[in-house]
Amino acid sequence: MGKIKLIILREYLTRVRKKSFIIMTILGPLLMAALFVVPVFLAQLEGDTKTIAIVDETGLFAPKFKDSEKLHFEILNEDPESIKLHLTDRGFYALLHIPITELSVPNTAKLYANGQPNIIVTGYVRETMRKEIESLKLSASGIDPEILRSIKSTVNLLTIRVDEGGNEQNSSTELSMVVGYIGGILIYFFIFMYGAQVMRGVIEEKTNRIVEVIVSSVKPFQLMMGKIIGVAMVGLTQFVLWVVFTIIIVTSVLSVFSADINAFRSSQLQLEKDPIIMYDSGGETIQPQNQNMENPEQINEAVVAIFDQINSIAFQLILPMFLFYFIGGYLLYGALFAAIGSAVDNETDTQQFMLPITVPLILSIMVAQFIIINPEGPLAFWLSIIPLTSPVVMMVRLPFGVHWVDITLSITLMIAGFLFATWLAGRIYRTGILMYGKKPSYKELWKWLRYRS
Amino acid sequence: MQPAIEAQHIIKDFANHRALDDVSLSVPEQQIFGLLGPNGAGKTTLIRIINQITAPDSGEILFNGRALRSDDVSQIGYLPEERGLYKKMKVGEQAMYLAQLKGLSANEAKQRLKSWFEKFDIMNWWNRKVEELSKGMQQKVQFIVTVVHEPKLMIFDEPFSGFDPINVNLLKDHILDLKNNGATIIFSTHNMASVEELCDNIALIHRSKTILQGSVDGLKKQFKPDNFEIVYSNGKSDLRQLLGEQFMVLEESKKEHETIARIHLEPGSDANQLIAKLLPHVNIHAFREILPSMNDIFISQVNKNERSNG
């Protein structure tokens, strides 16, 4: 339809040419890239070695503080008061004062510094003291620390999913969680950001009083759909640009930063090019994570294991499903947002109508953590079926493997829900856009639904 | 001649009231038709029905003698009372958009818009944003986009609001031009002076019903109060005594050299009798019938209808 195309094009072009869009498109990837790059950058920074003075009146803790690359400890036997006053003069970053207390096991200490002490320092001090106090308490209660050490154990659980055909597949709960969560959150933000843009666009047309001019040329429904689709394309454009820019920035910055990372990356690339390697070592158990990875072969193995897990998640299913819920969810909510925009005169009046559509959306992101714990439970089932919550909840569920019946049901209801929401919104919209002045009630909206078009 | 547009027994109900109650009217081709009525009478609802923005609950609109179709929107130009433009968009771009929505191709739209912009001497606004223009300037752009697709039927709802007197005249000339070029125009306004100046026919809607319909000249004759104005001099005797019971002197005002009187003719008498009675006694300078203005007719008819509805 030629007219809808014109509307889509206008909605798209006016938004894409806005300064705010251009700024967000550039700023977004910079921020995201910063998330990746800054920690690397900070690690690269050659920090000065900090000298910390220790006055340990108990004599129990001082020997436990070991010098490291960044921290140097000096054990002193002076009056802490005088050191405290001359910290910078004497070249100390901080002073740790552990006084004698009446308790058999002391647990108070004071750290003096000029300004807020560094989190690394406080963290190290706290951890060292905690360990020592624990072992002191253990020996006070007659438990040998060695016994305790032998009791402490790490469990590395290799989960293997068995499908109906009896094929086994390594799976990782953690990774599934992450993939599901990221998918859900992306959909959530996309719906909120661009749904609200649709609503604002409708209100703008109403307050500009241009809407009556336009609906004398096109059907209100065409205007509404053109806007929803146009804004969706703006969102997709921004999304794609963000992904592309972020990848470009991260790779180029990281390649400048460190040769190590470069090497790591090339090994990853190697793996991608050569899937046989992944399969060969795929069956091996995962190495305990806290083991040192000095050996390049070990690094390789760990990477292979991660890739193997990523492979185990059915991306050939998840990616298209992500696109489906991403677009379907947006269209459903976009129509409802458009209806709200048409019913009010300005943004402050939107509150009462926003509530019923933001609640299911917020609910679905809030229950995501429970869905992760029990992706097969009744809560997960129902919320991934109901169209208002299914875009987020189904995304969270999918990486854990969902029965095809559930998926089919969810997709069918999603399409039905989208069609119904569009129909409903269309009926409210065509009356709402021509109503000025008074804020309508739900009762009035109900009447609008039943007017003849 | 077949009417350009015809409304037949239109009924439209809203939640709490009936906006149009069995409204019928017919707009002759190539004429300017005044759609009049107090605020809230139902004019805008009727206009929206003609524009297919809303649908009637019952009744039918005939366009060139056949039922109105959805693709007729390209034959209709509508300048709503509540009008505006996208503030952040450039004037030319916006005009192109609206013209194309009416079905013009991009080339056609550009060509015609340019000629209209030159006619209004606003070509230098093409690349300016709408928010930089004054209200009157925006109205000009709005007028152009209403007529650029050369519709057969144009509907102007209060077209002169926001214009200064010079531009009101410019616009009137353009509207008359459009009519002479074959367009039929429905013109809704509260400005009765412009109705008299422009309209050939009118319909008066009050309380959701058509209470009056006809040509401007015909209605003026129909509602004339049979009053005459006489300017005379040398009047020695009192007019009231002179004229007797057949003629009622409504008003008399003396100037330095002449007197102006308004006289009402009682039924059964005519203007010639009045002149015959006056001739022997006074020197008549001027004599004319006082016709009601559209404003008078509007007010008297609305009040009458108001009274009969209690």
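The values are calculated or read from the model by the stated rules, or taken from the named source; none is laboratory data. Worth saying up front: this structure is predicted, and the values here are computed from it rather than measured. Positions of Cβ are backbone-derived with ideal geometry, glycine not excepted, and every protein chain shown enters the neighbour counts.
Number of residues in the stretch A:353-375 that are more than 23 Å from A:Ile229 (Cα to Cα) and touching a residue at least 24 places away in the same chain (Cβ under 8 Å): the value is 8.
For every residue, the table says whether it meets (1) at pLDDT 90 or above; (2) acidic (Asp, Glu); (3) surrounded by fewer than 22 Cβ atoms within 10 Å (Cβ to Cβ).
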| position | (1), (2), (3) |
| --- | --- |
| B:Glu6 | yes, yes, yes |
| B:Ile10 | yes, no, no |
| B:Asn16 | no, no, yes |
| B:Gln31 | yes, no, yes |
| B:Gly40 | no, no, yes |
| B:Ile53 | no, no, no |
| B:Gly59 | yes, no, yes |
| B:Arg66 | yes, no, yes |
| B:Tyr78 | yes, no, no |
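If you take the residues in the stretch B:205-227 that are among the aliphatic types (A, V, I, L, M) and farther than 11 Å from B:Phe33 by Cα, which one is surrounded by the fewest Cβ atoms within 10 Å (Cβ to Cβ)? Lay out the reasoning, then the answer.
Applying the first criterion (among the aliphatic types (A, V, I, L, M)) to the stretch B:205-227 yields B:205, B:211-212, B:216, B:219.
Narrowing the set further to residues that are farther than 11 Å from B:Phe33 by Cα leaves B:205, B:211-212, B:219.
Details: B:Ile205: 25, B:Ile211: 16, B:Leu212: 20, B:Leu219: 19.
Residue satisfying both the conditions and the ranking: B:Ile211.
Just checking, does the stretch A:227-236 include any residue being surrounded by 23 or more Cβ atoms within 10 Å (Cβ to Cβ), within 14 Å of chain B (Cβ to nearest Cβ) and small (Gly, Ala, Ser)? Within the stretch A:227-236, one or more residues are surrounded by 23 or more Cβ atoms within 10 Å (Cβ to Cβ), within 14 Å of chain B (Cβ to nearest Cβ) and small (Gly, Ala, Ser).
List pairs: first residue in the stretch A:119-140 and in the same structural domain as A:Ser68 (by TED's automatic domain parsing), second residue surrounded by 15 or more Cβ atoms within 10 Å (Cβ to Cβ) and of a type in the set (D, E, K, R) anywhere in the structure, Cβ distance under 7 angstrom, at least six positions apart or on different chains. Qualifying pairs under 7 Å: A:Val121/A:Lys50.
Here is a list: B:Ser215, B:Ser253, B:Ser208, B:Ser194. Which entry is in the same structural domain as B:Leu20 (by TED's automatic domain parsing), touching a strand residue (DSSP E or B) at 6+ places or on another chain (Cβ under 7 Å) and more than 30 Å from B:Asp71 (Cα to Cα)? Break it down stepwise before answering.
Values: B:Ser253 fails: in the same structural domain as B:Leu20 (by TED's automatic domain parsing); B:Ser208 fails: more than 30 Å from B:Asp71 (Cα to Cα); B:Ser194 fails: touching a strand residue (DSSP E or B) at 6+ places or on another chain (Cβ under 7 Å).
Every option except B:Ser215 fails the conditions.
Restricting attention to the stretch B:71-86, the residues being within 9 Å of another protein chain (Cβ to nearest Cβ) and either touching a strand residue (DSSP E or B) at 6+ places or on another chain (Cβ under 7 Å) or not charged (D, E, K, R) (or both) number 11.
Going by what's in this entry, would A:Leu361 be described as within 14 Å of chain B (Cβ to nearest Cβ) and either surrounded by 15 or more Cβ atoms within 10 Å (Cβ to Cβ) or under 21 Å from the mean Cα position of the chain (by Cα) (or both)? Quick ask: steps written out before the conclusion?
Details: within 14 Å of chain B (Cβ to nearest Cβ): no; either surrounded by 15 or more Cβ atoms within 10 Å (Cβ to Cβ) or under 21 Å from the mean Cα position of the chain (by Cα) (or both): yes.
No; evaluated as a whole, the condition is false for this residue.
Answer with yes or no whether A:Arg200 is part of a helix (DSSP H, G or I) and either of a type in the set (Lys, Arg) or not assigned by TED's automatic domain parsing to the domain that holds A:Leu398 (or both). Spelling it out, A:Arg200 is indeed part of a helix (DSSP H, G or I) and either of a type in the set (Lys, Arg) or not assigned by TED's automatic domain parsing to the domain that holds A:Leu398 (or both).
If the condition is being in contact (Cβ under 8 Å) with a residue 12 or more places away in the chain and more than 16 Å from B:Val27 (Cα to Cα), then the stretch B:67-81 contributes B:Ser70, B:Asp72, B:Val73, B:Ser74, B:Leu79, B:Pro80, B:Glu81.
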